[in-house]
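If you scroll down you'll find the structure; I have some questions about it.
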Amino acid sequence: MNLDVHGARVLFEIPVKIPVLGNIVITETVVNTWIVMAVIIGLCLFLTHGMQVHCRTKRQIVAEFIVKKVNGMVGENMGEHFLKVGYAPLICAIMGLSALCSLSSMIGMYAPTSDLSTLLGWSLMVFVLITYNKFRAGGPLGYIKGYFEPIPVLLPFNIISEFATPLSMAFRHFGNIASGSVITGLIYAALASLSAAIFHLIPGIVGETLAKIPLLQVGIPAIFSIYFDLFSSCLQAFIFCMLTMMYIGSAAEG
């Protein structure tokens, strides 16, 4: 499996050349993201199938619970206006996609959130929404004027701050997920070496045989996985969505 220029693992290339875009490359990140999106779509169809006015099924109870929680988050952190114009589905989609992409590493998949290009794409979307709401709140002149506040000499810093917002969101999320994958890999390697070193102490063919089997890799990594894969994945998804709501809500206030 090769690496492309962005460091993403390539599954295969479509031998088609487009004059402007060049070769179309499908990476493991893209494929795994499609799989996660298909799972989310299937889950949504399952939870909303056969919904009624009066809740009678556990599926509908779960669906309504998710909707109420997300609506509450959006209303509290962004305001009722954003709730009415439909930002709740966007926040719910980002949170679900982020969490499941990160949790996919628990079943042996390459987590799409371990690829910086994934987080940069999401952050670019957030940046567009922030800019749109700033234009909507103050108009083009108000948006440009904001770069000169509180004093014109801060113009370069305000420009840097504007573009640093989405970059910081992407690198924060990427750093936490990628570092968890790296640390987990190092733990596996260390346990394999430790297992070989311990069982080599047993004399004869029994020691040689057991030394080839990384027995210490069984069970112990699961303890670390509770944090790096489960807790951290859900936490980073929540943080990314909270930052998205705060930045967009602040932009609308001018």
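At a threshold of 8 angstrom on Cα-Cα distance, excluding pairs fewer than six apart, so keeping six or more, what relative contact order does region 132-254 reach in percent?
Computed over region 132-254, the figure is 34 percent.
I would also like to ask the following. For the chain, what mean projected area does the convex hull of the alpha carbons give, in nm²?
21.3
Shifting gears a bit: I want to check a number: in the chain, how many lysine pairs have alpha carbons closer than 30 Å, given a sequence separation of 8 or more or different chains?
10
Using Cα-Cα distances under 8 Å and only pairs 6 or more residues apart, what relative contact order does the chain have, in percent?
21
Another question, if that's okay. Could you point to the residue in TYR188, LEU215, TYR87 farthest towards the positive end of the chain's charge dipole, with +1 and -1 charges on the Cβ of Lys/Arg and Asp/Glu respectively?
TYR87
For the chain, build the charge dipole from Cβ charges (+1 Lys, Arg; -1 Asp, Glu) around the Cα centre, then report which of PHE163, ILE66, CYS55 sits farthest towards its positive end.
Result: CYS55, furthest along the dipole toward the positive end.
Please report, to one decimal in angstroms, the Kirkwood hydrodynamic radius of region 55-95 built from all distinct Cα-Cα pairs.
The Cα-based Kirkwood calculation yields 10.6 Å.
Here's something else I'd like to know. Under the Kirkwood approximation for Rh and a Cα-based Rg, what ratio Rg/Rh is obtained for region 56-151?
On the way: Rg = 17.7 Å, Rh = 16.1 Å.
Across region 56-151, the Cα-based Rg/Rh ratio is 1.10.
Please report how far the C-alpha centroid of region 178-233 lies from that of region 49-87, rounded to the nearest whole angstrom.
43
Shifting gears a bit: Provide the three semi-axes, in whole Å and in decreasing order, of the ellipsoid equivalent to region 124-222 as defined by the square roots of 5 times the Cα gyration tensor eigenvalues.
So the equivalent ellipsoid measures 59, 13, 6 Å along its semi-axes.
Given the alpha-carbon gyration tensor of region 166-249, what are the semi-axes of its equivalent ellipsoid in whole angstrom, ordered largest first, with each equal to the square root of 5 times an eigenvalue?
Whole-Å semi-axes of the equivalent ellipsoid: 41, 11, 5.
Which of LEU47, LEU235, LEU167 moves the most in a Gaussian network model of the chain with Cα springs under 10 Å?
LEU47
Full-extension gain between THR209 and ILE226, please, as 0.36 nm times their residue separation minus the C-alpha to C-alpha distance. Working shown, then result.
Details: separation 17, 0.36 × 17 = 6.12 nm, distance 3.09 nm.
Here the segment from THR209 to ILE226 would lengthen by 3.0 nm.
Full extension from THR57 to VAL218: what is 0.36 nm times the residue separation minus their Cα-Cα distance, to one decimal in nm? Can you show the working numbers first?
Numbers: separation 161, 0.36 × 161 = 57.96 nm, distance 3.95 nm.
Additional length available on full extension: 54.0 nm.
With charges set only on the Cβ (+1 for Lys and Arg, -1 for Asp and Glu), what does the dipole of the chain come to about its Cα centre, in debye to the nearest 20?
I would put it at about 540 debye.
For a Förster distance of 25 Å, can you work out the FRET efficiency between the beta-carbons of ALA93 and ALA189, rounded to the nearest 0.05? Working shown, then result.
Numbers: r = 36 Å, r/R0 = 1.45.
Plugging the Cβ-Cβ distance into 1/(1 + (r/R0)^6) gives 0.10.
We did not get these values from a lab; they are worked out from the coordinates using the rules stated. If you're wondering where the values come from, they're calculated on a predicted model, not measured in any experiment. Neighbour counts run over all protein chains shown; Cβ positions are idealised from the backbone, glycine included.
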